[in-house]
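The values are calculated or read from the model by the stated rules, or taken from the named source; none is laboratory data. Note that this is a predicted model, so its numbers are computed, not measured. Reconstructed Cβ throughout: ideal geometry from the backbone, glycine too, with neighbour counts over all protein chains shown.
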């Protein structure tokens, strides 16, 4: 019987066996992809000193939904924070413990994160974050590797219909510097109106020259051509050439679109960002892009996936036969079965029903035998 104290806090939930199996299978598949491409896994702690973690999250932890849980450490009497994002922790590791490691440095990670308050669109407050960071390179080759790695990881996790939406997070800053000048106080207003796709608001904010950007969106080739027409004085040429090279690298592995003014979720990215989508998902499958590590200002490229968001669209792993081990069973044979990847369930008391416990086979003298259904 459920007691009042058994209720979980808002935004937190139990993952029962079938869903937990999907999440675990996705995690293993994605980590295997990252490992195969030479990304070494690191495991940052769940807690850090608040001053260090918050300092490295400048630009990342904007808004109430990113706020971290904080409390005083009884041992040090300093404020600790529960991480809401693992990417800054990987940046800290790269800048400290692995500062002398050869570059480019490839790191992978996977772990739980928690936020104080989530959004209405994504009410979960606990998330299983998995990602990869390529540190020490700010090149088109590095960005291409990050995109392809993310697509390959999602494919290995069993997702289908994968698409990638490219963006240019610093587009307004780049154009405002020379091609389409803006006063400092106008830049944020122009960004806001571009985000909301409001042509009237964009004109009122003094950004009439930026109106063509609203229409340079959609399928990649079409949107890129429209964006090249906007490229006054060649201000965007190198970026657009870079996008074309990244898209060529992806090829037919995923559908590619372009929304050059999208900034939601890309507050700390530099020249390139991308969002991942897949069939069966109501929200984005993940995000990535280029950025500078706070504190060391080292260039990096990476991506993040939240695996528990993807569980509904991931296939259920094939269930292995569960072998019943009755009293007096051959222990060596059972050990050999498990070594070969089988699952076993040992009898603990008289009267246990192996079928009711989910067993499909029973270990007999000649090996596993199929359990016939009860009449």
- Message: With the requirement that a residue be over 11 Å from residue 210 (Cβ atoms) and under 34 Å from the mean Cα position of the chain (by Cα), what does the stretch 171-188 give you?
- Response: 173, 174, 177, 184, 185, 188
- Query: Do you know which residues across the stretch 201-230 are within 17 Å of residue 173 (Cα to Cα) and touching a residue at least 24 places away in the same chain (Cβ under 8 Å)?
  - Reply: 206, 207, 209, 210, 213, 214, 227
- Could you list all residues from the stretch 94-121 that are surrounded by fewer than 20 Cβ atoms within 10 Å (Cβ to Cβ) and either part of a helix (DSSP H, G or I) or not assigned by TED's automatic domain parsing to the domain that holds residue 13 (or both)? 95
- Would you call residue 253 buried (at least 19 other Cβ atoms within 10 Å of the Cβ) and over 26 Å from residue 94 (Cβ atoms)? no
- Query: So residue 295 clears everything in (1) closer than 21 Å to residue 57 by Cβ; (2) outside any loop (DSSP other than H, G, I, E, B) except one condition, right? Which one?
  - Reply: (2)
- Query: Which of the residues spanning the stretch 1-42 are more than 22 Å from residue 113 (Cβ to Cβ) and assigned to a loop (DSSP other than H, G, I, E, B)?
  - Reply: 1, 2, 3, 7, 37, 38
- List every residue pair whose Cβ atoms lie under 7 Å apart, where the two residues are 6 or more positions apart in sequence or sit on different chains, the first residue falls within the stretch 133-157 and is at positive phi, and the second residue, located anywhere, is surrounded by 20 or more Cβ atoms within 10 Å (Cβ to Cβ). 136/105
- Of those in the stretch 285-311 that are closer than 21 Å to residue 255 by Cα and either surrounded by fewer than 18 Cβ atoms within 10 Å (Cβ to Cβ) or out of contact with any strand residue (DSSP E or B) (no Cβ under 6 Å at 6 or more places or on another chain) (or both), the residue modelled with the highest pLDDT is 310
- Among the residues of the stretch 74-123, which ones are more than 18 Å from residue 292 (Cβ to Cβ) and in contact with a helix residue (DSSP H, G or I) (Cβ under 7 Å, 6 or more places away or on another chain)? 79, 80, 81, 83, 84, 108, 109, 110, 115, 117, 118, 119
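Of these, 258, 243, 227, which one is over 30 Å from residue 87 (Cα atoms) and crowded, with 19+ Cβ neighbours inside 10 Å? Write out each step before concluding.
Numbers: 258 fails: over 30 Å from residue 87 (Cα atoms); 243 fails: over 30 Å from residue 87 (Cα atoms).
Residue meeting the stated conditions: 227.
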